[in-house]
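*Asks:* Mind looking over this structure? Questions follow.
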Amino acid sequence: MIASLASTRSTGPVAAPVSPQRQNFADLGKALRSGDLDAAKQAYANVVRDAREGATWPKGSNFADLGKALVQGDLGAARTAFASMVKSRLEQPLAKDGSDRTLDNAAASVPSSSGGDSGSVLNVVA
């Protein structure tokens with residue numbers, strides 16, 4: 001009995017599950033680093049799709065600029081916007097309970113790249 005328990009025991013630490021939104025942002029960063037524009041567009045679309053209901057990014061935000069750059073196919077501008085977004089996030093304090101909810105509370109609507117009203121959705125898949 002003890003031998004069978006020992007053989008099924010984990011040999012290393014178990015990683016905490018990653019939220020879908022954190023995974024989406026990780027995929028976005030990976031795609032931008034590798035220069036894969038199509039994967040970056042898909043990851044960006046996933047971030048928007050999985051965002052918290054009712055949340056928005058204001059026009060001119062780093063995330064909106066990232067979407068605009070992806071639509072225009074400008075990988076350099078997309079990388080710059082992403083880096084600015086990450087830097088800004090790192091400068092924000094943690095929630096009162098000590099958690100980091102910045103990525104989990106991502107917005108559902110993004111201003112359109114054509115200068116539409118705040119809250120209109122940016123279609124990055126088309």
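Taken together, the values in this text are just the output of simple stated rules run on the coordinates, not laboratory data. Since the structure is predicted, the reported quantities are computational estimates derived from the model, not experimental observations. Cβ sites come from the backbone with ideal geometry, for glycine too, and all protein chains shown count toward neighbours.
*Asks:* Quote to one decimal, in nm, the extra length available between ALA39 and GLU53 on full extension: 0.36 nm per residue of separation minus the C-alpha distance between them.
*Replies:* Working: separation 14, 0.36 × 14 = 5.04 nm, distance 2.39 nm.
Gain in length upon complete extension: 2.6 nm.
*Asks:* Roughly how many nanometres apart are two label points built 7 Å out from the Cα toward the Cβ at VAL18 and LYS30?
*Replies:* The two pseudo-label positions are separated by 0.6 nm.
*Asks:* Could you give me the ³J(HN,Hα) list for the stretch 21-34, computed from phi with Karplus coefficients 6.51, -1.76, 1.60 and θ = phi - 60°, whole Hz, x at Gly and Pro?
*Replies:* Rounded to whole hertz, the list is 5, 5, 5, 4, 5, 5, 5, 4, x, 4, 5, 5, 4, 7.
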